[in-house]
Each structure stands twice: as structure tokens, then as C-alpha cells.
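These notes are about the structure you will find just below.
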Amino acid sequence: MIRYNVDESQQAMRDRVAEFAKKHIEPVSKELDHRDDPDRFAMDLYKKLGKAGFIGMRMPKEYGGGGVSALDHTTMIEEFCFYDPAICLLSAVAELATYPIYAFGSDEQKKKFVPKCASGEWIPAFVLTEPEAGSDAVNQKTTAVLDGDEFVINGEKIFIMHGDVADVFVLFLKYGGDQDEGKASRKISAILVETKQDGKYIPGLKTATLKKKMGMRAATTGRIWFDNVRVPKENLLGGVGKGFKIAMNTLDGARVGVAAQGLGIAMRALHESIEYAKKRICFGQPIGKFQAIQWMIADMSTQLEAARMLTYKAAMLEDKGEKFSLEASHAKLYCSEIAKFCVDRAMQIHAGYGYIGEFSMIEKLYRDQRIMEIYEGTSEVQRLVIASALLR
Ligand SMILES: Cc1cc2nc3c(=O)[nH]c(=O)nc-3n(C[C@H](O)[C@H](O)[C@H](O)COP(=O)(O)OP(=O)(O)OC[C@H]3O[C@@H](n4cnc5c(N)ncnc54)[C@H](O)[C@@H]3O)c2cc1C
């Protein structure tokens, strides 16, 4: 009742995720929520996700991926987030960082990196944000200088999912080659950085795990420093000055993914609320008999359904090969906000038993959902994208 499928392959995906989640996620979900330590990145689970085909799902089969449609991938994320949003993120981050290599890489780059990232053998990271360049991503301070056959990289990055454990970075930085004139966005390039040699970081590279993260704790978030890091010049991705275009194109698809995360969270909040409203007795009757509770459930359900339609529309446009930036922003913005609304209502329905984590999943959902309005472009940035598309 709280799920909807456009076609049968969506149900097949839901069944696949449910089977995996019951076996591998539910037993460890609580424990992983309290991890805050780089050595404890959920590697075991990451490898299991890879083995079961849940990493690199969107990548074509010839590159070791699952070759699924955007709609089925959306369903996968939605269903994973029903079970545990943080564990879903392990897979979502791999997709975010592998996609630009597949979409913009040379044949050699694709052959070298994509199968390893899509199988879960290597952990990739999408490295864009800097201490002074978040929403204002063009304001990159990290630089590359060409020295013979190598780029020499200096700078700092922050808030990078898996940045503390990744084997390969899709790194965005300021490098415009000879293009000294013109738009700042044309001076941003993307470079692939293999972070390790013989199991150790390459010279000049340092990372740290960010501590005390509010939610999404099974997936780690890192800070990265580059001090004269040298990378072969063949690792330039997509050409000089193409970095901003690569980042924005990647974020379109990723925003549909974040929308799906919001759907899964809202779906779980609604599910828990319905179950709880049927069994919690107050004043001699289940609280679901009170109109105040019924209205909260009705509002949650209505918003979830509307959010799902926005998300599926964006995914279906992507599958048809049509432009979907505007629809991705609609979906990301709305799903982030309704996830917050639904979890908040679920907390109200569960009251004390929602606030204390040992009694229900609501406390964890409350923490996990909050990042939806921040990463892959804040809600304010989504409104900017939407308005500027309409007013253009
Ligand atoms: C857990 C986590 C994981 C992340 N993962 C990654 C990752 O894997 N890779 C990566 O590159 N980045 C990642 N990020 C970074 C994330 O994308 C940024 O935090 C986000 O883009 C916002 O940037 P900021 O935090 O610097 O906020 P700022 O850009 O400083 O924004 C501060 C506030 O000002 C508002 N604002 C800014 N500009 C405008 C404007 N023009 N109009 C209106 N309001 C505006 C913002 O909406 C926000 O409310 C992650 C962040 C977190 C917390």
C-alpha cells in the first residue's frame, strides 16, 4: 500500500533489495549507526553490496555494472533507504563517483577504472566541495599545474563521502590550461587521482575522517589535503575546462538519487507510523482512532505519493534520454522536504518512543534525513536552478 510500481521490474528490484536487507543490513544497522572511525568504514558490507550487484548498478554490463534503468535504480535506492539510508549511501556514493568516469572518460580510463569501481573492488569518491566552495562550486581554490607529463596538485577538500577511504578520486579543481580569459566555470577541470600505491597514500596526499556526523554514519565523510601531489597528465577527465560541466551533469542524476533517498525515508516513516498507530493504546483505544493521528498519516501518505511521481518522472525522462535537470531539482527539493515532514510527524506519533533510539527507528531516520536538504545542492540551490530554468 505504501509502495507503487510503474512496471514489474520495479517489484523485482524491491524483492531483491528486501532479501539482501533482511540478511545483511538489519543485523548490523544499529551497530553501524554508531561508527565514527575510519578503520571502521563498513567495508565488509561494501564488499557484500558489490558481490550482490548493488554497486555500479547503472553502469553497463560490459563494464561490470548492473545495466539497470534509472527508474529501477531509483527503486533500488528507495527500497534500501526503507531499511537503512546510511547503508544505501555506500552504494549511492559509488554510483555518483563512477558515473562521470563512464560518461566522460576515454576508452582507456573507462576500462581501467569503471569495472573496478562498479564491482566494489575500488572505492571511488566525488571530490568537489572545498572549505570555501560549497554551493559556490566555481570558486575552486585547489589548483593543478602541468609539469612535464604530470599535474602537480595543491589544495584542500571537505565533506567528501568516502574521501577518507577512497582508492580513486574524481577530483575537480582549477585548471584552465591556456584559457585565462572567459567564464570561471571553464577553468575547472576534472582529474582522476589513484590515491594509493602499494597500499599507502601517494606522496603529498593526506585525509581525515570527519567526526560527530549527525547521521548517515555507516558511510564515512572525509577531509582531503593535496600538497604537491603528482598525477599523470593522462588522468585528465573529459578535456581541459570540462570539469564544471562534468560535475553538473553528474549531479542531475545524483539529485534523482537523493530524491529516491527521501522517498525511502518517508516510506519507512509512514510504515512505522501506521503500525504504531494501530497498536499504541491511549484512553482505551488505538491512537489511530484519533482524528489528529489520522490526519498526520493522511498528510504523510499524500506527500509521499506526490514526491514519488516527481521522482519517477525525472527518472523516466532520464531513461528516455531527454533533458531532466529541472525535473531532478523538483524531485530533489520536494522529496528532501517531505522526508523531513514525514519523519517529524512519525516522531510526533511515536512521541517518547520515537525520541529514544532504542525503541524505534524514528530517531535514526530523523538524523539521517537531515542531510537530504544539504548535499548534492542545498534546497536553496535547487530553488535557484528551478527558477533560473523557468525565467531563462
Ligand atoms: C554528509 C555530507 C556529505 C557530503 N558529500 C559530498 C561529496 O561526496 N562530495 C562533495 O563534493 N561534496 C559533498 N558534500 C558537500 C555538500 O554538497 C555541501 O555541503 C553543500 O553543497 C553546501 O555547501 P556548504 O556546506 O559549503 O554551504 P554554503 O554553500 O556555504 O551555504 C550556506 C547556506 O547559504 C545558502 N546559499 C549559498 N548560496 C546561496 C545562494 N546563491 N542563494 C541562496 N542561498 C544560498 C545555502 O543554501 C546554505 O543554506 C557533503 C556534505 C555533507 C554534510
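Annotations for the structure displayed:
- Residue within segment 314-328 that is of a type in the set (Lys, Arg), more than 15 Å from the ligand (Cβ to nearest atom), part of a helix (DSSP H, G or I) and at negative phi present: no
- Scan of segment 132-162 for residues that are under 15 Å from residue 192 (Cα atoms), in a strand (DSSP E or B) and in contact with a helix residue (DSSP H, G or I) (Cβ under 7 Å, 6 or more places away or on another chain), ordered by number: 146, 150, 151
- Count of segment 105-129 residues which are within 19 Å of residue 176 (Cα to Cα) and near the ligand (Cβ under 8 Å from one of its atoms): 3
- Unmet requirement for residue 379, which otherwise passes all of (1) within 16 Å of the ligand (Cβ to nearest atom); (2) out of contact with any Leu (no Cβ under 6 Å at 6 or more places or on another chain): (2)
- Pick from segment 132-153, criterion within 8 Å of the ligand (Cβ to nearest atom) and touching a residue at least 12 places away in the same chain (Cβ under 8 Å), ranking: farthest from residue 203 (Cα to Cα): 135
- Filter result for residue 276 (touching a residue at least 40 places away in the same chain (Cβ under 8 Å) and over 12 Å from residue 346 (Cα atoms)): no
- For beta carbons closer than 8 Å, sequence separation of 6+ or different chains, a first residue in segment 364-384 that is under 17 Å from residue 344 (Cα atoms) and modelled with pLDDT of 95 or more and a second that is near the ligand (Cβ under 10 Å from one of its atoms) and of a type in the set (Ser, Thr, Tyr), the qualifying pairs are 373/379.
- Taking segment 297-330 as the range and being aliphatic (A, V, I, L, M) and in contact (Cβ under 8 Å) with a residue 12 or more places away in the chain as the test, the residues that pass are 297, 300, 304, 306, 307, 310, 314, 315, 316, 326, 328.
- Among the residues of segment 209-250, the one identified as within 20 Å of residue 42 (Cα to Cα) and either without any contact (Cβ under 8 Å) to a residue 60 or more places away in the chain or away from the ligand (no atom under 16 Å from the Cβ) (or both) is 210.
- Test set (1) within 25 Å of residue 255 (Cβ to Cβ); (2) in contact with a helix residue (DSSP H, G or I) (Cβ under 6 Å, 6 or more places away or on another chain); (3) more than 14 Å from the ligand (Cβ to nearest atom); (4) outside the structural domain of residue 35 (by TED's automatic domain parsing) - residue 176 fails condition number: (1)
- Top-ranked residue of segment 351-376 - restricted to ones that are of a type in the set (A, V, I, L, M) and in a loop (DSSP other than H, G, I, E, B), ranked as farthest from the ligand (Cβ to nearest atom): 351
- Enumerated helices (runs of 4 or more DSSP H) restricted to segment 13-124, each holding at least 3 residues that are surrounded by 21 or more Cβ atoms within 10 Å (Cβ to Cβ) and in contact (Cβ under 8 Å) with a residue 12 or more places away in the chain: 43-51, 70-83, 85-104, 107-119
- Sole exception among (1) out of contact with any Phe, Trp or Tyr (no Cβ under 7 Å at 6 or more places or on another chain); (2) at positive phi for residue 274, by number: (2)
Here's the yes/no breakdown for (1) surrounded by fewer than 19 Cβ atoms within 10 Å (Cβ to Cβ); (2) outside any loop (DSSP other than H, G, I, E, B); (3) not assigned by TED's automatic domain parsing to the domain that holds residue 350:
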{"position": "208", "(1), (2), (3)": "yes, yes, yes"}
{"position": "212", "(1), (2), (3)": "yes, no, yes"}
{"position": "219", "(1), (2), (3)": "no, no, yes"}
{"position": "222", "(1), (2), (3)": "no, yes, yes"}
{"position": "226", "(1), (2), (3)": "no, yes, yes"}
{"position": "256", "(1), (2), (3)": "no, yes, no"}
{"position": "261", "(1), (2), (3)": "no, yes, no"}
{"position": "266", "(1), (2), (3)": "no, yes, no"}
{"position": "270", "(1), (2), (3)": "no, yes, no"}
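The values are calculated or read from the model by the stated rules, or taken from the named source; none is laboratory data. Everything numeric here is computed off the predicted structure, so don't read it as measured data. We place every Cβ from the backbone using ideal geometry, glycine too, and count neighbours over all the protein chains shown.
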